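The values are calculated or read from the model by the stated rules, or taken from the named source; none is laboratory data. Because the structure is a prediction, the values reported are computed rather than measured. Cβ: placed from backbone, ideal geometry, glycine included. Neighbour counts: every protein chain shown.
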Amino acid sequence: MAAVTVPPVVPLTDGVPVDIARDAAREAAVRELARPIYPRESWWERISGAVRDWLEDLLDAASGLPGGWFSILLLAFVILLVALPVLSMARRATRARTVRRGELFEAAARPAAEHRAEAERHAAGQRWAEAIRERLRAVARDLEERAVVEELPGRTADELAAEAGRALPGFAGELAAAARLFDDVTYGDLPGTAEGYGRLADLDDRLRTARPVLSGHPGGTA
């Protein structure tokens, strides 16, 4: 009997033999799996899979470094130790330069009444830091206008408190506290408060009728 050659078996689709290349087979498999009879991944499974893949890639990258994750953590710790003191020193230096500058007035001279009105507008809007700054400027300008203190360009809040405190010793402590409040909200990054502004406004009102008591000081004696 003669030998019979059997042809290779090929996959069937709907009963019809199919002979397809590798890429075409992959596309056919994708289409087949996309059919409704196969379950699909939920959105949570897709997200968790993406996160898992990202972590695996990160671990692979870390394992390629000498020391792996330990080296990465050590490097981050060293950078943090160096960066924090440098940033802190830069901040202190900037603040120190600002405080040394520290003038009461930033622009051209304005009457005390204008500073006082602007302070009230800021207070009405609950912008307490701005209100405090303008109210102390009103105090300084009022004392200059009444010749209780000399008009001095570039004067700081502390200098105002010291000079006015000599002319009005009964107010020396409150003037010093007002100067500290001005510096705190202007150069110390501290928030102003309604209470702080209220104390300063009350001091301003009382100073407007005060008379210097030191003989020989500009403005005379009470």
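Restricting 206, 166, 135 to those that are of a type outside the set (A, V, I, L, M, F, W, C) and farther than 21 Å from residue 111 by Cα reduces the list to 166. Residue 140 satisfies every condition listed in (1) at pLDDT 95 or above; (2) closer than 17 Å to residue 104 by Cβ except (1).
The residues listed here are 174, 134, 144; of these, the one that is surrounded by 18 or more Cβ atoms within 10 Å (Cβ to Cβ), within 26 Å of the chain's Cα centre (by Cα) and either touching a residue at least 24 places away in the same chain (Cβ under 8 Å) or in a helix (DSSP H, G or I) (or both) is 134.
Within the stretch 157-171, how many residues turn out to be surrounded by fewer than 17 Cβ atoms within 10 Å (Cβ to Cβ) and of a type outside the set (Gly, Ala, Ser)? Before the answer, list the steps.
Going through the stretch 157-171, the residues surrounded by fewer than 17 Cβ atoms within 10 Å (Cβ to Cβ) turn out to be 162, 166, 169-170.
So of that shortlist, the ones also of a type outside the set (Gly, Ala, Ser) come out as 166, 169.
So the count comes out to 2.
Of the residues 109, 179, the single one that is in a loop (DSSP other than H, G, I, E, B), in contact (Cβ under 8 Å) with a residue 24 or more places away in the chain and of a type outside the set (Lys, Arg) is 109.
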